[in-house]
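Here the structure comes first, spelled out in structure tokens, and everything after it is commentary.
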Amino acid sequence: MDYVLPLIRKYEIAESTMAFEFKKPKSFKFIAGQTIDIGVGTMVYTFSIAAAPDEQVLRIATRMRKESKFKQALLKAKKVRMQGPSGDFVLPKGTERLIVFIAGGIGITPFYSMIKSYPPHKISLFYKNSSRARAAFLDELKKFNVLSSKLHVSRRARYYLAGPPGFVAKYRTILDEAGINEDTIRTEEFSGY
């Protein structure tokens, strides 16, 4: 379905990283981890929703780049076009297994949505950034007590990886080499633009 969303606010959440909040249509429903397509002018890009389904806003987060025409247009926009939700990078309905989120950079956004949704899962978050200053949502995530400074690999866990293609490939290899069943691994790559 197509929507036009008014911008409510925009704010910095980490170094060179902005969050944009839009008024959520009453009829709009999504599952934590899903994406939406955001259009400004003729440009359209896909974003993970960085909000819990019960929040009154739709939030996206992105690394800001001066050379990106889309991001500069988004920075000036008062409203955007939106389609969605879509995607199946979501938690299973129920599991006794530990869920391990492996996030690289802005790949934290689908996990932020999932963690804020208070799912009935045991979750561990392994979150890597080029620097602490570039770690989006870090202070808020600490409140949920899910952050782990070390990646613990167990064949009894389910794994969700999100981040830049090189990051996802690196950690996918680590899991493969540890003998993790590919059916228990979900990935989503975030390419820059």
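The values are calculated or read from the model by the stated rules, or taken from the named source; none is laboratory data. Everything quoted here is computed from the prediction, not taken from an experiment. Every residue, glycine as well, gets a Cβ built from its backbone with ideal geometry; the counts of neighbours run over all protein chains shown. Note: accessible area is taken over every heavy atom of the protein model, side chains too, but ligands, DNA and RNA are not part of it. Shrake-Rupley method; radii C 1.70, N 1.55, O 1.52, S 1.80 Å.
Evaluate the relative contact order of the range 123-193 (contact order divided by residue number), counting alpha-carbon pairs under 8 angstrom at least 6 apart; express in whole percent.
Once divided by the residue count of the range 123-193, the mean separation gives 31 percent.
Please work out the ratio of the alpha-carbon Rg of the chain to 2.2 N^0.38 Å and round it to two decimals.
Output field value: 1.01.
Can you pull the accessible area of V80 for me, 1.4 Å probe, Å² to the nearest 10?
0 Å²
Which far-off residues, 5 or more places away or on another chain, put their amide H under 5 Å from the one on I8, with H placed in the peptide plane?
Those lying under 5 Å, H to H, from I8 are E21, F22, K23.
Restricting to lysines 8 or more places apart or on different chains, can you count the pairs in the range 1-118 with Cα atoms under 17 Å from each other?
Within the range 1-118, the lysine pair count is 21.
Relative contact order for the chain: what percent, with Cα pairs under 8 Å and sequence separation of 6 or more?
Value for the chain: 21 percent.
Apply 1/(1 + (r/R0)^6) to the Cβ-Cβ distance of V4 and K128, taking R0 = 41 Å, and write down the FRET efficiency to the nearest 0.05.
Efficiency, rounded to the nearest 0.05: 0.70.
Once you order the gyration tensor axes a ≥ b ≥ c over the Cα atoms, which shape class does the range 83-140 get: rounded for a/c under 1.5, otherwise prolate or oblate by comparing a/b with b/c?
Oblate is the answer for the range 83-140, as a/c is 1.5 or above yet b/c matches or exceeds a/b.
Amide H neighbours of Q34 under 5 Å, at least 5 residues apart or on other chains, H built in the peptide plane: list them.
Residues meeting the criterion, in which the H sits 1.01 Å from N, are I49.
Between the DSSP loop rule and a limit of at most 14 other Cβ atoms within 10 Å, which chymotrypsin sites (Phe, Trp or Tyr not before Pro) in the range 92-152 are left?
Qualifying residues, ordered by number: F144.
Whole-Å semi-axes of the range 117-193's equivalent ellipsoid, largest first, each the root of 5 times a Cα gyration tensor eigenvalue?
In descending order, the three semi-axes are 21, 18, 12 Å.
Using only the Cα atoms of the range 27-116, build the gyration tensor, take square roots of its eigenvalues as a ≥ b ≥ c, and label the shape rounded, prolate or oblate: rounded if a/c is under 1.5, else prolate if a/b is larger than b/c, else oblate.
In terms of gyration-tensor shape, prolate.
Considering amide H positions built from the backbone, and no H for Pro or chain starts, which residues 5 or more places from A77, or on another chain, come under 5 Å of its amide H?
Under 5 Å from the amide H of A77: no residue qualifies.
Could you give me the ³J(HN,Hα) list for the range 128-140, computed from phi with Karplus coefficients 6.51, -1.76, 1.60 and θ = phi - 60°, whole Hz, x at Gly and Pro?
These are the phi-based 3J(HN,Hα) values: 10, 9, 5, 7, 4, 5, 9, 7, 5, 6, 4, 4, 5 Hz.
Provide the FRET efficiency to the nearest 0.05 for the S149-T46 pair, computing r from the beta carbons and using R0 = 30 Å.
Calculated value: 0.45.
Counting only other residues whose beta carbon sits under 15 Å from that of V44, what net charge do I get with K and R as +1, D and E as -1?
It works out to a net charge of +2.
Given +1 on the Cβ of Lys and Arg, -1 on the Cβ of Asp and Glu, and no further charges, what dipole in debye does the range 61-191 carry about its Cα centre, rounded to the nearest 20?
720 debye
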